1. I'd like the distance separating the alpha-carbon centroids of the range 4-26 and the range 84-100, in whole Å.
2. May I ask you to derive the FRET efficiency for R80 and S111 from their Cβ-Cβ distance with R0 = 30 Å, giving the value to the nearest 0.05?
3. With each pseudo-label sitting 7 Å past Cα toward Cβ, what's the R183-A21 distance in nm, one decimal?
4. Treat each spin label as a single point 7 Å out from the Cα along the C-beta direction, and report the V90 to K137 distance in nm.
5. Using only Cα atoms, find the angle between the long axis of helix 172-183 and the longest principal axis of the chain, and express it within 0 to 90 degrees, rounded to the nearest 10.
6. Using +1 on the beta carbon of Lys and Arg, -1 on that of Asp and Glu, and nothing else charged, what's the dipole of the chain about the Cα centre, debye to 20?
7. Where in the chain is the longest stretch that carries no chymotrypsin sites (Phe, Trp or Tyr not before Pro) classed as loop by DSSP and with at most 15 other Cβ atoms within 10 Å?
8. Show me the GluC sites (Glu not before Pro) within the range 1-64 that DSSP assigns to loop and that have at most 11 other Cβ atoms within 10 Å of their Cβ.
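Bear in mind these aren't lab numbers, they're just calculated from the coordinates by the rules spelled out. What you see is a predicted model, and the numbers here were worked out from it, not measured in a lab. Glycine also receives a Cβ, built like all others from the backbone with ideal geometry; neighbour counts cover every protein chain displayed.
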Amino acid sequence: MFAIVHMSDVVRIPPNRLTGALKDAAIQILKEKYESMLSSEVGYVVMITDAEVSSVGKLVAGDGATYHKVTFKALTFYPRLQEIVEGEIVEITDFGAFVRIGPTDALLHLSQITDDYLKSDVKQGVIVANQSARSLKIGTKIRARVTAVSLGKGSGMGKIGITCRQPFLGALDWIAEEIKKARQPAAQPAAAKKGGK
């Protein structure tokens, strides 16, 4: 889920960045520090959108920079358990596919795609279902449910697991087929067609 988060910090502004507007210098420093960062509290920091900088700074002996209190807004992405997400398959592996959701990739394990037996062909970049002949390939857009999220310290880029093994999840064209089937009227029994005889 994307969100705008309010944060605060103290920013060190070196003398060479004090030539322009204080706010612009602070935003640039915040961007360098926070953008692309992963935090267990806020998730992935996508971008800094705005900042309010205290015009009164502090000086430290022997350091030509000024230190300013800053409150700022950041666009973040934190996937929540059971959340429905849409993404695009960016990699096929022997054990499943990686799906780009927001600023990161989630793992769609073979066991979480469908009930059908699946074959993964890494060289061709495709996963094919044995009975239905449905396939997933790089570039396929899918809808899935988040089943696992690990964004704590030590998890590197974080780990996200997703599933498509529920109704109206999977490749978007699969979902369109399911919706079309669900909207068709149920077949009437033969006796009802002959006037109830």
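1. Answer, in whole Å: 38.
2. Here the calculated transfer efficiency is 0.85.
3. Between R183 and A21, the simple spin-label model gives 4.9 nm.
4. The answer from the label model is 2.0 nm.
5. 50
6. Roughly 800 debye, rounded to the nearest 20.
7. In the chain, the maximal stretch lacking such sites is 1-94.
8. E41
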